[in-house]
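The values are calculated or read from the model by the stated rules, or taken from the named source; none is laboratory data. Quantities reported herein were computed from a predicted structural model and do not represent experimental measurements. Cβ coordinates were reconstructed from backbone atoms using ideal geometry, including for glycine residues, and neighbour counts include every protein chain displayed.
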Amino acid sequence: MSIRVHKAPVGRLAQTIESDAHTLLSDVDEASGGDALAPDPHALLDAALGACTALTLKMFAQRKEWPLENADVLITHEESPGRYRLRRDITLHGPLSDEQRQRLLEIANKCPIHKVLTGEIEVESALVP
């Protein structure tokens with residue numbers, strides 16, 4: 001999988017993000033020189049964790065035939081130099097038992113993006129002609 005990012009045809013700084021057949025935008029707020037046309041990169045990172053969590057929980061519950069109607073995920077973050085702290089608040093909807101709810105919390109901590117963010121991340125950069 002690859003993601004291509006390039007200047008969007010709109011805005012001062014907005015970027016077009018292409019992933020397979022999908023196209024998204026990212027921008028920064030006006031105070032940072034952008035036009036606030038789309039979520040900023042930090043919001044996209046936070047959204048990746050939230051979406052992955054909700055999808056993982058729904059898929060797990062479906063496989064187990066548990067009565068999870070929906071999982072709402074609220075992601076907030078705090079930043080300081082060299083530190084990015086995420087908080088994930090999960091609301092489970094449906095007539096679940098306490099044991100099912102606890103197991104779903106365990107599963108949330110095993111979603112693929114959670115694993116990436118809590119594991120070792122390496123970024124290799126190169127200039128190409």
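Grab the strands (runs of 3 or more DSSP E) fully contained in segment 1-114, keeping just those with 2 or more residues being within 15 Å of the chain's Cα centre (by Cα) and over 30 Å from Val128 (Cβ atoms). If you could, list the steps in order and put the result at the bottom.
Working: elements: 3-7, 15-19, 22-26, 70-80, 83-93.
Qualifying strands (runs of 3 or more DSSP E): 70-80, 83-93.
Based on this model, can you work out whether Glu124 counts as within 18 Å of the chain's Cα centre (by Cα) and of a type outside the set (Gly, Ala, Ser)?
Working: within 18 Å of the chain's Cα centre (by Cα): no; of a type outside the set (Gly, Ala, Ser): yes.
Here the answer is no, as Glu124 does not meet what is asked.
So which of Ser26, Ser19 is closer than 23 Å to Leu117 by Cβ and touching a helix residue (DSSP H, G or I) at 6+ places or on another chain (Cβ under 9 Å)? Break it down stepwise before answering.
On the way: Ser19 fails: touching a helix residue (DSSP H, G or I) at 6+ places or on another chain (Cβ under 9 Å).
Every option except Ser26 fails the conditions.
Looking at segment 90-102, which of its residues are closer than 14 Å to Asn70 by Cα, surrounded by 10 or more Cβ atoms within 10 Å (Cβ to Cβ) and not small (Gly, Ala, Ser)? Outline the logic, then answer.
Of the residues in segment 90-102, the ones closer than 14 Å to Asn70 by Cα are 90-96, 100-101.
When the remaining residues are screened for being surrounded by 10 or more Cβ atoms within 10 Å (Cβ to Cβ), the result is 90, 92-94, 96, 100-101.
Of everything in segment 90-102, those that are closer than 14 Å to Asn70 by Cα, surrounded by 10 or more Cβ atoms within 10 Å (Cβ to Cβ) and not small (Gly, Ala, Ser) turn out to be Ile90, Leu92, His93, Leu96, Gln100, Arg101.
Looking at segment 1-16, which of the residues that are touching a residue at least 24 places away in the same chain (Cβ under 8 Å) and of a type in the set (A, V, I, L, M) is surrounded by the fewest Cβ atoms within 10 Å (Cβ to Cβ)? Walk me through it before giving the result.
Filtering segment 1-16 down to residues touching a residue at least 24 places away in the same chain (Cβ under 8 Å) leaves 8, 10-11, 14.
Narrowing further to those that are of a type in the set (A, V, I, L, M): 8, 10, 14.
On the way: Ala8: 20, Val10: 12, Ala14: 18.
Selected residue: Val10.
Find all pairs meeting these conditions: Cβ atoms under 8 angstrom apart; at least six residues apart or on different chains; first residue within segment 98-117 and closer than 13 Å to Gly50 by Cα; second residue among the polar types (S, T, N, Q) and surrounded by 12 or more Cβ atoms within 10 Å (Cβ to Cβ).
Ala108/Thr53; Ala108/Thr56; Lys110/Thr56; Cys111/Thr53; Cys111/Thr56; Pro112/Thr56; Ile113/Thr53; His114/Thr53
Whether any residue in segment 79-88 is among the acidic types (Asp, Glu) and over 26 Å from Thr118 (Cα atoms) is what I want to check. Spell out the reasoning first.
Let us first name the residues in segment 79-88 that are among the acidic types (Asp, Glu), namely 79.
Now drop any that are not over 26 Å from Thr118 (Cα atoms), which leaves none.
No, there is no match, as no residue in segment 79-88 is among the acidic types (Asp, Glu) and over 26 Å from Thr118 (Cα atoms).
Which residue pairs have Cβ atoms under 6 Å apart, sit 6 or more places apart or on different chains, and have a first residue in segment 83-97 that is on the phi > 0 side of the Ramachandran plot and assigned by TED's automatic domain parsing to the domain that holds Asn109 and a second that is at pLDDT 95 or above and not polar (S, T, N, Q)?
Final answer for the pair search is Gly94/Pro67; Gly94/Leu68; Gly94/Glu69.
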